[in-house]
Amino acid sequence: MADQLYLSLWFPNFRFDTLPATMVSVMRQFALISGEKRVVAASVYPISFTEAPTYQRIYVNDDRAEENLDTSGSIIENAVAEATEQLHDDMAYEFEMRWKLWSPELNPTPINLDIDSDNDIDPEYESAALDTLWKLQPATVRILGFGPQFDDSSFDQNGHIRIDFGLDTPWLAETLEDEQLDEDATKHIQQNVEMLLAFTLSVEKNCGISSRLLWTESGEPLAQKLIDRLQRVN
């Protein structure tokens, strides 16, 4: 079953007034790994996530972003500065960014069946029509900074900054049956894992964290889930 994947970060002697600069530092590392240097959306939540956002902005990041100065707000530093202009210790500040991960798709090649024909379908052609294609697809990552009073001081568990990667499907390919987890699939899963590790290690090296935790909502470690998945087909 697919599971939510998170990376929690804690910083030594953390002061809340440094949250904007700290978030910029983490988001820059993500931009270096992903190649996507702009923010997709920003939101500010008061008290807890059950409350409606007090601030939201969605950015235009197509070709107009390079031509229209009005879209310069999606640059990391600008987006963080605007969203955190009113810095309150009972709020959470969320920024959406994107990267591209390998994702499986069934080959849509149709099989033309002639119901009046007595000829059997070529098994090789039928198999080819069901081949799994892998494509680089955009995936949203949410980077959140927590005020010390937000959600009953949940930053103790969530981290001063938490990165929400969404479902762990890109690293496990659970949409595929075990028999479809071939050499090509294993290669692309590995490439997704390398992206995840590269970002994690880049943050550890460059952002001055005191500790980090990569975790899933179920509590089962991603590494163990990946090992179990691969062992089923080896």
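Throughout, read-outs are computed from the coordinates displayed, never taken from laboratory work. Remember, predicted model here, so these are calculated numbers, not experimental data. Here Cβ is always computed from backbone atoms with ideal geometry, including for glycine, and neighbour counts include all displayed protein chains.
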Exercise. Which semi-axes, in whole Å and largest first, does the equivalent ellipsoid of segment 135-230 have when worked out from the alpha carbon gyration tensor as the square roots of 5 times its eigenvalues?
Worked result: 29, 15, 12
Exercise. Cα to Cα, under 18 Å, and not fewer than 8 places away if on the same chain: which lysines meet these conditions relative to LYS187?
Worked result: LYS100, LYS135, LYS225
For this session: Report the label-to-label distance for THR18 and THR140 in nanometres (one decimal), using points 7 Å from each Cα along the Cα→Cβ vector.
Result: 3.1 nm
Exercise. Quick one: which of 46-58, 81-93, 18-30 comes out on top by average Cβ neighbours within 10 Å, and what's the full order, highest first?
Worked result: 18-30, 81-93, 46-58
